[in-house]
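Chemist: Sharing a structure with you now.
The values are calculated or read from the model by the stated rules, or taken from the named source; none is laboratory data. None of the values given here were measured: they were computed from a predicted structure. Here the Cβ positions follow ideal geometry from the backbone for every residue, glycine too, while neighbour counts run over all protein chains shown. SASA here: full protein model, heavy atoms, side chains in, ligands and nucleic acids out. Shrake-Rupley method; radii C 1.70, N 1.55, O 1.52, S 1.80 Å.
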Amino acid sequence: MASQHYEKEFSKALLQLGQTGQATFDDFLEFFALSIRFICTPDQPIAQRLHSIVVSLSQQTEDIYLSMMETLMQWAKHTPPCDLLGPFFMNRGPKRKTNGQHFTPDEICRLIATLNGPPKPSGFTHIGDPACGSGAMMLGYEYTYNHTKYPDVIYHLQDIDIRCVYMAYIH
């Protein structure tokens, strides 16, 4: 029930932005990913890019972005690991299919994680995903093999679409 509440809140916030097309969602993804990056590892280029984004936003848009960030964090806190952002991305226009972007459903990601087996009992386990999309394979692995039980898992995620990299990073 809580998951549906957060999904509705996030959808409502997207609509409140009052803009059509994917640019707003894309800008939000960049804003959120860079915010996380800056909090974890502050550096000058990230600070400058964040500043340029913030000064370009109206106060209303900035407030909505912050609300969306809070909603996503609460949603993730109250939901087992799953792809929260991918469905929004896939529904943001017909261009996804022409780009060959087809995201793997959570259930399939969990099945693949189960078939691959758990992380090594000692040392690091490296998991690569060269077309990570929104990070659903990583989330499927997290769901299947609780990360707190296996803390030494390192994910190597890549994608040709920077928006997908942002979504995976946020997840």
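Chemist: Just one of Pro151, Pro119, Pro94 is touching a strand residue (DSSP E or B) at 6+ places or on another chain (Cβ under 9 Å) and at pLDDT below 90; which is it?
Modeler: Going through Pro151, Pro119, Pro94 in turn, just one is touching a strand residue (DSSP E or B) at 6+ places or on another chain (Cβ under 9 Å) and at pLDDT below 90: Pro119.
Chemist: Taking helices (runs of 4 or more DSSP H) that fall entirely within region 6-77, which contain at least 2 residues that are of a type in the set (Gly, Ala, Ser) and over 18 Å from the mean Cα position of the chain (by Cα)?
Modeler: Values: elements: 23-40, 44-56, 59-77.
Once the helices (runs of 4 or more DSSP H) in region 6-77 are filtered for at least 2 residues that are of a type in the set (Gly, Ala, Ser) and over 18 Å from the mean Cα position of the chain (by Cα), what remains is 44-56.
Chemist: Hey, another quick one. Across region 107-148, which residue is nearest to Asp161 (Cα to Cα) among those that are among the hydroxyl-bearing types (Ser, Thr, Tyr), under 20 Å from the mean Cα position of the chain (by Cα) and part of a loop (DSSP other than H, G, I, E, B)? Let's see the steps before the verdict.
Modeler: Pass one, region 107-148, residues among the hydroxyl-bearing types (Ser, Thr, Tyr): 114, 122, 125, 134, 141, 143-145, 148.
After this cut, where a residue has to be under 20 Å from the mean Cα position of the chain (by Cα) as well, the list is 134, 141, 143-145, 148.
Of the ones still in play, those that are also part of a loop (DSSP other than H, G, I, E, B) are 134, 145, 148.
Details: Ser134: 10, Tyr145: 28, Thr148: 30 Å.
Looking at residues that are among the hydroxyl-bearing types (Ser, Thr, Tyr), under 20 Å from the mean Cα position of the chain (by Cα) and part of a loop (DSSP other than H, G, I, E, B), I get Ser134.
Chemist: Now a separate question. In this structure, does Met167 turn out to be open to solvent by 70 Å² or more (accessible area, probe 1.4 Å), in a helix (DSSP H, G or I), modelled with pLDDT of 90 or more and closer than 24 Å to Leu34 by Cβ?
Modeler: It is false that Met167 is open to solvent by 70 Å² or more (accessible area, probe 1.4 Å), in a helix (DSSP H, G or I), modelled with pLDDT of 90 or more and closer than 24 Å to Leu34 by Cβ.
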